[in-house]
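Laboratory data are not the source of any read-out in this text; all were calculated from the coordinates shown. From a predicted model like this one, the values you see are computed outputs, not experimental measurements. Cβ atoms come from the backbone with ideal geometry, glycine included; neighbour counts cover every protein chain shown.
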Amino acid sequence: MRLDVVTIFPEYLEPLNVSLVGKARARGQLDVHVHDLRDWTYDRHNTVDDTPYGGGPGMVMKTDPWGDALDQTLADGYEGGAHGPVLVVPTPSGRPFTQELAVELSERPWLIFTPARYEGIDRRVMDEYATRMPVYEVSIGDYVLAGGEAAVLVVTEAVARLLPGVLGNAESHRDDSFAPGAMANLLEGPVYTKPPEWRGRGIPDVLLSGHHGKIARWRRDEAFRRTAAHRPDLIERCDPAAFDKKDREILSMMGWAPEPGGRFWRRLDDVEE
Ligand code: 6GU
């Protein structure tokens with residue numbers, strides 16, 4: 001997979017040399033190119049922003065540096081044999097970045113990221129490139145960052161670990177929380193390793209029982225507990241056909257009940273917080 005990142009802070013992308021993404025690069029599984037947007041400015045001050053039409057606070061990133069940078073990035077990539085680019089534009093007003101979108105992006109041969117600072121990029125840049133390639137405007141969560149660079153690191157790591165041969169073990173993302181079909185999208189419960197006792201704290205007996213059925217059941221119960229506490233929206237979204245008898249018992253104990261349509265909703269009256 002080829003990755004291009006155009007940014008006014010190329011040094012912010014240094015973490016792409018480290019850990020899983022760094023190793024994928026070293027092995028030739030990822031071909032990463034980081035570009036300085038200011039290379040496509042031609043005035044003394046290397047200006048990339050200007051005041052917004054219509055007034056208001058902040059600055060907007062100008063069309064010309066982005067247009068020239070993207071034209072050259074595309075030309076260089078095609079010349080190097082890349083094909084099928086998609087533009088990934090990090091923005092707090094984008095669609096939520098999810099595991100499903102990570103899987104979709106991991107199936108593309110070439111991602112071009114345009115992290116912005118200030119109040120974002122002049123709309124015409126996205127409209128222009130959308131006539132030539134898919135454009136994904138993505139947000140990594142409901143909070144505001146000072147710029148899109150950290151989001152590029154997040155998206156890149158989520159995508160890179162899905163590439164064939166990047167994670168050592170092909171099984172290792174099968175039961176990720178949020179992997180399609182994983183525990184019906186429950187969060188994963190607690191995990192333990194040696195020693196069996198630490199500062200007076202043991203580990204749940206069932207994990208030492210060697211009884212695989214009981215262990216699987218315990219893990220599922222813990223996943224329900226954790227999901228109910230941290231992400232009740234995930235349980236409400238679940239297809240109730242994914243719940244077995246024991247799941248229903250656990251949910252009921254935690255204050256959840258099926259509505260006539262079958263989906264589970266939390267009873268607000270008798271819930272212990
Ligand atoms: Cl992608 N960019 C910025 N600036 N803020 C964000 C974001 C992206 N996702 C959530 N907040």
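Figures for the structure shown
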item: Dipole magnitude (debye, nearest 20) for the chain, charges at Cβ of Lys, Arg, Asp, Glu; result: 1180 debye
item: Dipole magnitude (debye, nearest 20) for region 183-248, charges at Cβ of Lys, Arg, Asp, Glu; result: 180 debye
item: The chain - share of DSSP beta bridges that are antiparallel (%, nearest 5); result: 20 percent
item: Folded to 0 to 90 degrees: helix 149-160 orientation relative to the chain principal axis, Cα; result: 60 degrees
item: Per-residue Cβ neighbour rank within 10 angstrom, fewest leading, TYR192, TYR118, TYR129, TYR42; result: TYR42, TYR192, TYR118, TYR129
item: Degrees between helix 212-230 axis and first principal axis of the chain (Cα, 0 to 90, nearest 10); result: 60 degrees
item: Whichever aspartates and glutamates have a C-alpha closer than 14 Å to that of LYS194, once near sequence neighbours (fewer than 8 apart) are set aside; result: ASP205
item: nm² value of the averaged projected area, convex hull over the Cα atoms of region 195-264; result: 6.0 nm²
item: Relative frequency of Cα-Cα separations exceeding 35 Å in the chain, percent; result: 36 percent
item: Local electrostatic count, ARG263, Cβ distance below 13 Å [Lys/Arg +1, Asp/Glu -1]; result: -1
item: Gyration tensor (alpha-carbon) shape descriptor, region 40-82, a/c threshold 1.5; result: prolate
item: In degrees, nearest ten, helix 63-79 long axis to first principal axis of the chain (Cα); result: 80 degrees
item: Three-way shape call for region 4-137 based on the alpha-carbon gyration tensor, with the a/c threshold at 1.5; result: prolate
item: MRE, 222 nm, helices only [DSSP H, n ≥ 4, -39500 (n - 2.57), over the chain, to nearest 500]; result: -9500 deg cm²/dmol
